[in-house]
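Reading through the structure tokens given below for one structure.
The values are calculated or read from the model by the stated rules, or taken from the named source; none is laboratory data. Remember, predicted model here, so these are calculated numbers, not experimental data. As a convention, Cβ positions derive from the backbone with ideal geometry for all residues, glycine included, and neighbour counts pool all protein chains shown. Just the protein is used for accessible areas: all its heavy atoms, side chains included, with ligands, DNA and RNA removed. Shrake-Rupley method; radii C 1.70, N 1.55, O 1.52, S 1.80 Å.
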Amino acid sequence: MNTPTEIPKPAFVLVHGSWHGAWCWARVLPLLRQAGHVAHAVTLTGVGERAHLLSPAVGIDTHIQDVIGLIDAEELNDVILVGHSYAGNLITCVADRLQQRSPGLLNQLVYLDAGIPDPGDSWSTPHTPETVQKRIEESKASGGLSFPPPDASVFGLSGADRDWVNRRQTPQPFRLYQQPLHFDAARVAALPRTFIDCNKPPLATIDAARKRVRSEPGWRVLEMATGHDPMVSAPQDLVDLLLQLPPNCS
């Protein structure tokens, strides 16, 4: 008697937000792998263990290549691309490139408490004038090269979790903050997209995205009663949501 052929599970590629690195997914990767998924986390150029590569040349194209380079090097297919915070902008651009180059490689996009750009926007576009000015001022200490991380308490973390993140955060390349993003919105929207809203407490810079996904068609919205860094504060709950994503059978 023939046994049913097991359908391969999609691969997860996890992309961190600003000031973070692949380290922030340390509690999530083992859980995804235990569930039978291939799972990788990328560290973007200029932060984390790649902070020594910070330079004025680091821009959105650098980070796009970081993510695509990981996917290519690991020969991944059927990829669920998860972008946290700043990386919502990044995975949008990555998806545009991959949809052109390798249609069908991406399974779906997950915006984890993340920014959602329109073509021509920059990361700073949805932020208040006060936030933009604050970050510009903060960048001046490095000559416009980077801006420093906030205390991790703003992500809803406390105690040992807050200390763990504070020890590991590194300055974020500043060029990325106001660099326009170029992509075909229709190409990106052709993929299934999920927004995970981490709203206890909510991070103010994500407010525009929270409103957008509830007013624009094509979004699946999930909520987590935790702060902005659920991979740290609630890793099992986050993985449970990721494992419950409906499959993309297109």
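Observations on the structure shown:
- Each residue in region 21-68 was checked for being touching a helix residue (DSSP H, G or I) at 6+ places or on another chain (Cβ under 7 Å), of a type outside the set (V, I, T) and more than 13 Å from Q172 (Cβ to Cβ), and 12 pass.
- The residue that is least open to solvent (accessible area, probe 1.4 Å), among those in region 209-223 that are within 24 Å of L98 (Cα to Cα) and free of Cβ contacts under 8 Å to residues at least 12 places away in the same chain, is E216.
- Those helices (runs of 4 or more DSSP H) lying entirely in region 57-147 with at least 3 residues over 23 Å from G46 (Cα atoms): 87-101
- Region 24-36 residues that are open to solvent by 40 Å² or more (accessible area, probe 1.4 Å), paired with ones that are small (G, A, S) (beta carbon under 7 Å, 6 or more apart): R33/A39
- Residue pairs whose Cβ atoms lie under 6 Å apart, sitting 6 or more positions apart in sequence or on different chains, and linking a residue in region 234-247 that is over 20 Å from F155 (Cα atoms) to a partner that is surrounded by fewer than 19 Cβ atoms within 10 Å (Cβ to Cβ), are L243/A35.
- Some residue of region 239-246 being at pLDDT 95 or above, touching a strand residue (DSSP E or B) at 6+ places or on another chain (Cβ under 9 Å), farther than 23 Å from I60 by Cβ and open to solvent by less than 50 Å² (accessible area, probe 1.4 Å): yes
- Checking each residue in region 3-55 for being outside any loop (DSSP other than H, G, I, E, B) and touching a His at 6+ places or on another chain (Cβ under 6 Å) picks out F12, V13, C24.
- Residue that is most open to solvent (accessible area, probe 1.4 Å), among those in region 149-208 that are farther than 27 Å from L54 by Cβ and polar (S, T, N, Q): S158
- Selection status of S102, out of contact with any helix residue (DSSP H, G or I) (no Cβ under 6 Å at 6 or more places or on another chain), open to solvent by less than 10 Å² (accessible area, probe 1.4 Å) and more than 19 Å from C198 (Cα to Cα): no
- Residue satisfying all of: in region 199-250; assigned to a loop (DSSP other than H, G, I, E, B) and of a type in the set (D, E, K, R); nearest to the chain's Cα centre (by Cα) among these: D229
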